[in-house]
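Quick notes on the structure that follows.
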Amino acid sequence: MLIRKIALIYFSLLALLFSANAQNEALAKIDIPDLKEYLTFIASDELQGRELGTEVNGLEITANYLAAYATEIGLKPAVENYFQTVPVLHTTRSKNDFIEVKNKKGKSVYRSEELVKLNQSHGVFSLDKESVLFIGFGENIESLDIEDKLVIVAQGNAESFSGEEAFKWQNRLERAKMNAIIEKQPKAMLMITNPKDTENKIFKQLQGWMNRPGYSLKTDDLTEQPAVLLATPKVADALLGKKGEYIKYLEEVAAGSEAVTEVSETLSLKTGVEPELLEAKNVVAYVEGSDPVLQNEYIVFMAHYDHIGVGKDGDVYNGADDNGSGTVAIMEVAEAFASLKEKPKRSIVFLWVTCEEKGHFGSRYYCDHPVFPLDKTVASINLDMVGRVYDGPRDDVWKDSPKKVKDFDGLYTLANDVWPGLAEINAAHCAELGLVPDSSLPKERFLRASDHYHFHKYGVPILNYATGYHADYHKVGDEVERINFEKIKRVADLCFLVGFDLANKIDIEF
Ligand SMILES: [Zn+2]
């Protein structure tokens, strides 16, 4: 019995030594010349700031580069050619928008191009409708049946109608109103700006804001929404018969009269954004786990590879730190895992996501359409800006931020509360590498601040590594020359050690 016990200890010691040795060999794969070579390419002017819509498609070139790299080091493709297509809508305003009121004889009494679409129901909206319903300020609509109707609602509320306040756009109030109305499934909702705003300031302001071309993630749930539109009081006057009628109507409503009024004039309108469908790409590769059961659980390493493109003056924003640094760190972490002769028990996923700067499109799309099940994902570790070290007073522009760039040993390590074990494992390996983890960032704000948010939303334990904001954040000065490669290596080493530990840990429960 004793002999068996000793033998067992001997063999587990041997296994431990063997594993430590294998780990060291793998860690040696993470090296500075590689990091430099990759980042020098990714953050070069040729890629034009890795954004949608530039002359040279630097975003796609980067995706291809990452996929070629994944092939070269022997990662498995998680999807065909390593690419998960992320559908992005590029919206520009339709040139033919109009709103028109016709009287009972079919004669046009009002026609204008003053129309703004306030929500993102995709596509062009066109409507020809009789029996328009005025519903005052949209208050007390609980019992109202407006399904399939075209409702006209006033900006602001009865209480503020006469005061100065009414001239301001109160986003919270209008949002709540919109949501309450949309829930009742009208055909469309037309909001009319305050008639006392005689210069149409609010209308012009929102027109400027909403009609800019923009990018949005194509999601499944937006197309069926009723259109929410904004117009000036002229259209309301036309519907009510003559100039000045609308303000009279609102005064009566504000004084307590019945708000709901039917009008049988015909209202026609056509508006919308004409979206062009673009295809961005997440790059998804993995090292398959060696345990027949645990290989169906995953540790995801993630970094966004996009940046903010070219400025109006032609300056290229190379984003060496944001987030070339995280992109290349994960390339090296992947090489280290791929080089292990005996792979860890769980599978390790390498996820380079697109369009973070546009609003986390890539990570959001991945989480809504996961390649590997999220309930089998034991951790998602997001690297976003891990390549800078405090560079003296110039970085003090961030002195009032809780996330100012750290010194050589410091690292922001933000975790959510799903599984406390993750933060513990992280802290242990930080200590091993002489890194000083800072987990004090306000979670409310920073859990939303990058790609990890979408994993967090789905209840996946997350970790976010960052070295913090510096003088060149989102500036043309975010260049390779200012990168501290030694620091990137330390973060990549940490990723490997934490990932290795997580992948082999027998019990992970949360
Ligand atoms: Zn970033």
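The values are calculated or read from the model by the stated rules, or taken from the named source; none is laboratory data. Bear in mind the structure is a predicted one, so any value in this text is a computation, not a measurement. So basically every Cβ, Gly included, is an ideal-geometry build from the backbone, and we count neighbours across all protein chains shown. We work out accessible area using only protein heavy atoms, side chains counted, and drop any ligands, DNA or RNA first. Shrake-Rupley method; radii C 1.70, N 1.55, O 1.52, S 1.80 Å.
Summary of values
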item	result
Lone qualifier among K281, K270 - being over 30 Å from A492 (Cβ atoms) and either open to solvent by 50 Å² or more (accessible area, probe 1.4 Å) or not hydroxyl-bearing (S, T, Y) (or both)	K270
Some residue of the range 449-462 being at pLDDT below 95 and in the same structural domain as Y305 (by TED's automatic domain parsing)	yes
Tally, over the range 72-105, of residues that are surrounded by 14 or more Cβ atoms within 10 Å (Cβ to Cβ), among the hydroxyl-bearing types (S, T, Y) and outside any helix (DSSP H, G or I)	3
Only one of D306, D322, D313, D291 that is buried (at least 24 other Cβ atoms within 10 Å of the Cβ), in a loop (DSSP other than H, G, I, E, B) and either in the same structural domain as K406 (by TED's automatic domain parsing) or of a type in the set (A, V, I, L, M) (or both)	D306
Answer from K341, K358 - the residue that is part of a loop (DSSP other than H, G, I, E, B), within 13 Å of the ligand (Cβ to nearest atom), of a type in the set (K, R) and assigned by TED's automatic domain parsing to the domain that holds Y453	K358
Conditions (1) open to solvent by 50 Å² or more (accessible area, probe 1.4 Å); (2) more than 30 Å from T266 (Cα to Cα); (3) in contact with a helix residue (DSSP H, G or I) (Cβ under 9 Å, 6 or more places away or on another chain): number failed by N64	(3)
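Each row is one residue, and each column tells you yes or no for (1) outside the structural domain of K345 (by TED's automatic domain parsing); (2) among the charged types (D, E, K, R); (3) within 25 Å of A285 (Cβ to Cβ); (4) more than 16 Å from the ligand (Cβ to nearest atom).
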position: D368; (1), (2), (3), (4): no, yes, yes, yes
position: S380; (1), (2), (3), (4): no, no, yes, no
position: G387; (1), (2), (3), (4): no, no, yes, no
position: D400; (1), (2), (3), (4): no, yes, no, yes
position: F408; (1), (2), (3), (4): no, no, no, yes
